[in-house]
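A short write-up of the structure that comes next.
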Amino acid sequence: MRGVFVDANDSLAEIFERQRRDGDPDMSVNFNPNIKPEQWPEILGDAEIGVVDHTALPTEIAKQCRGLKHVVFLGTGARSYMNPEELAELGISVHLIKGYGDTAVAEAAIALMWASARVIPWMDREMRAGNWLREDAMQLTGKTLGLIGFGGIAAEVARIALGSGMKVIAWNRSPKTYKGVEFVGLEKLLADSHVVSIHLLLNDETRGLVSREKIAGMRKGVILINTARGALVDEAAMIDALKSGHIRHAGLDVYNIEPLPKDHPLTRLSNVTLSAHSAFRTPEASENLIGAAWAHCRRIAKGS
């Protein structure tokens, strides 16, 4: 059985090669993180396994990949890049990797929350432009953090936030318990939270969940954090709420369009802190990620 890591950047390629073992399936590495979807067939050849970081695999392109039977997606958000159900109809299984970067993403969400509350990025930009502008910050100790979705990442966010003196409430689609966290209905969470942080997988049920109506139900002056997926939020409604001040500040790591265009409306708002879909990017998380990818490939090669 043969496979290809189709879009490896330098750091992931180095880890991938270092974790290779004797007896592993024949996995080659394409050292190019910027391939186009239409390059999949040429890069794969007759390979049965495709390991992919962030390159889209449209169903029509997958039909041209003559040997492809398994896609190992480096993360959980494969639906942003491909349609797993349509690929399954072609006999192609999509394998996800969960939990590899829970701590990394949680720390990024907390960092965005504190940066947004203290308007540090805004002051930094203004000072670099020669302006000495100051604004009252939001003191987070004693404030309520609402977590939409409660998996491994949200649990890590809760742990850190509780340790910093915040009250933490959460809503999840299935029942959960966590020491120190009160689980409430979504409407109550939106109304009561000073900070709302999103931690949901993107699927047909969650797409657009944070709608214009839901945003209107948030506490005025809320801080909104999204390190999950851009499509979970009605972007136009969020931008309107940022302009009106209903949302005090947004800390965003994910977007409907990635990379975010330089002329995108979000880039022109001073009350938005932006990061480049990098919440998961730490050496520790990358080691976990590639280790799990190799585990998938080994399991597939053994037919289990």
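Values computed for the structure shown
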read-out: Sorted largest first, extent of the chain alpha carbons per principal axis (Å); value: 59, 47, 34
read-out: Extreme residue, positive dipole direction of the chain, given options G91, G245, G3 (C-beta unit charges); value: G245
read-out: 15 Å tail of the calculated P(r), the stretch 24-67, as % of Cα pairs; value: 37
read-out: Using alpha-carbon coordinates, inclination of helix 152-163 to the longest axis of the chain, degrees; value: 30
read-out: Per-pair calculated FRET efficiency, R0 = 35 Å: S11 and D46 via Cβ, rounded to 0.05; value: 0.80
read-out: Evaluated over the stretch 41-91, the Cα radius of gyration and Dmax, each in Å; value: 9.9, 26
read-out: Dipole of the stretch 102-274 [Lys/Arg +1, Asp/Glu -1 at C-beta], most positive-end residue of A170, W132, P259; value: W132
read-out: Charged-residue dipole, Cβ positions (Lys, Arg, Asp, Glu), the stretch 109-213 about Cα centre, Debye nearest 20; value: 220
read-out: Centre separation in Å (Cα based) which lies between the stretch 126-202 and the stretch 234-304; value: 17
read-out: Sum of -39500 (n - 2.57) over DSSP H runs of 4+, divided by residues of the chain (222 nm, nearest 500); value: -9500 deg cm²/dmol
read-out: Radius ratio Rg over Rh of the stretch 1-104, counting only Cα atoms, Kirkwood formula for Rh; value: 0.94
read-out: Among the listed pairs K220/K262; K179/K214; K36/K63; K63/K98; K143/K179, those beyond 21 Å (Cα-Cα); value: K220/K262; K179/K214; K63/K98
read-out: Degrees between helix 235-244 axis and first principal axis of the chain (Cα, 0 to 90, nearest 10); value: 20
read-out: Hull shadow area, averaged, the stretch 86-135 [alpha-carbon convex hull, nm²]; value: 6.3
read-out: Theoretical FRET efficiency, 1/(1+(r/R0)^6), r = Cβ-Cβ of M127 and N203, R0 51 Å, to 0.05; value: 0.75
read-out: For the stretch 180-304, alpha-carbon Rg and Dmax in angstrom; value: 17.5, 57
read-out: Total charge dipole magnitude, the chain, about the Cα centre, Cβ charges on Lys, Arg, Asp, Glu only, Debye to nearest 20; value: 900
read-out: The stretch 102-274: translational diffusion in µm²/s, Stokes-Einstein, Kirkwood Rh over Cα pairs, 25 °C, 0.890 mPa s; value: 152
read-out: Length released on extending from T59 to K188, taking residue separation times 0.36 nm less the Cα-Cα span; value: 42.4 nm
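Here, each number is a calculation from the coordinates, and none is a lab measurement. The structure presented is a predicted model; accordingly, all values stated were derived computationally and were not measured. So basically every Cβ, Gly included, is an ideal-geometry build from the backbone, and we count neighbours across all protein chains shown.
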